[in-house]
Amino acid sequence: MDEEQQQRPEPGQHGPLAGFTVGVTAARRADELGALLQRRGAAVLHAPALRIVPLADDGELLAATKEIIDQAPDVVVATTAIGFRGWVEAADGWGFGEQLLQRLRNVELLARGPKVKGAIRAAGLTEEWSPSSESMAEVLDRLLEEGVDGRRIAVQLHGEPLPGFVESLRAAGAEVLPVPVYRWMPPEDLGPVDRLLDAVVSRSVDAITFTSAPAAASLLSRAEHRGLQGELLAALNHGVVPACVGPVTALPLQALGVDTVQPERFRLGPLVQLLCQELPSRARALPVAGHRMEIRGHAVLVDGALKPVPPAGMSLLRALSRRPGWVVARAELLRALPGAGRDEHAVETAMARLRTALGAPKLIQTVVKRGYRLALDPAADAKYADV
């Protein structure tokens, strides 16, 4: 997937995310996440909120590697496969590769999950233990149960400082040696991030995904720099679903009062499945003119058939659906049209295109000299009378 792209599924085919647009902030594994979303029908707007810079020439990683070789720790915690491989490769480049591996053969080596285990074994090493949950919280619980007072524990970081993990170990008496393999940096091209921010603020996306805490923090920082943080937070709390791969990823958002959704298993697949449940459940479904109409982000399902709708038409449809069955005046609909000016003829033009897109003109009725209304089925009138 390119730095920024918006793709839609093939016409006539749609999955549970059809009609929805999802923002992807990931720098790493963005292709995989985007493909999972598109396969389920979503349009994807990709804007990496950060970039990962290897530290092969960084003094911090070299110093940590030398310290481990000179004085073996009691425990080494490997958190990511790419980070562990990067560490071993950097040590090889400095001429310390075999010395590092020899040290790691003689310590308690813990792996956060199966991918890290694979990287460890590919290096000719064997992990002592790995949690079934792939959770750093379970790794922390095991270490604290074993007792860490007076023990030296090296923790391979992957760009982020693992909030709470290192602090908890130190509070329990451990000497913690961070091993920073990568560093997060802002993206070189801020254009895609700015366009994603604008899309979130305008509610042009239905959900935005975060797979790391630094990505969330980076997006918030960019919004603050542009004077948009208040609008971003308002959108994330009302209208745009912020979906995080796990609780650590959600911390920067939660610190600013944003409620996020998270899967039970902290993986990309469950994250996508969660959106497949969340977004359709939030879509507005109405019985109109003998049809079932479900209003989604950039499309409408009419009796299960996907009908893509232009942005102006979606603005009109949302304005009508706020009071289904009630007449909405042309002046009010004009205000709902972005950049329409003062000419009410723009409403008639957009309405004609909307009816064409829906393929069922009778869904929306014209009320002469008053405006337009959704042709809500009579049996549903009482239900929506006070909406």
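The values are calculated or read from the model by the stated rules, or taken from the named source; none is laboratory data. Since we're looking at a predicted model, the values are computed, not measured. Counting neighbours? That spans all protein chains shown, and the Cβs are built from the backbone with ideal geometry, glycine included. Heads up: the accessible areas ignore ligands, DNA and RNA and are worked out on the full protein's heavy atoms, side chains in. Shrake-Rupley method; radii C 1.70, N 1.55, O 1.52, S 1.80 Å.
Solvent-accessible area per residue in the chain equals 46 Å², computed with a 1.4 angstrom probe and all protein chains kept. Students often get this wrong, so try it: which of [x] 140; [y] 159; [z] 149 is volume of the Cα convex hull per residue in Å³ as calculated from the structure shown? Derived directly from the coordinates: [y].
When DSSP beta bridges are restricted to pairs lying wholly in the chain, around 45% turn out antiparallel. Packing, taken as the mean count of other beta carbons within 10 Å per residue, orders the peptides 151-157, 18-24, 263-269, 348-354 from highest to lowest as 18-24, 151-157, 348-354, 263-269. Between the helical axis of 213-225 and the longest alpha-carbon principal axis of the chain there is an angle of about 60 degrees.
Nearest 10 degrees is fine. How inclined is helix 59-70 to the longest principal axis of the chain, computing both from alpha carbons? So the inclination is approximately 40 degrees.
Remark on region 261-309: ratio of C-alpha radius of gyration to 2.2 N^0.38 Å is 1.41.
Here the accessible area is traced with a 1.4 Å probe on the protein chains. For the chain, carbon and sulfur cover 49 percent of it.
Sorted from longest to shortest, the spans of the Cα atoms of region 82-173 along the three principal axes equal 35, 27, 25 Å. In terms of its Cα atoms, region 212-343 spans 46, 35, 21 Å along the principal axes, sorted from long to short.
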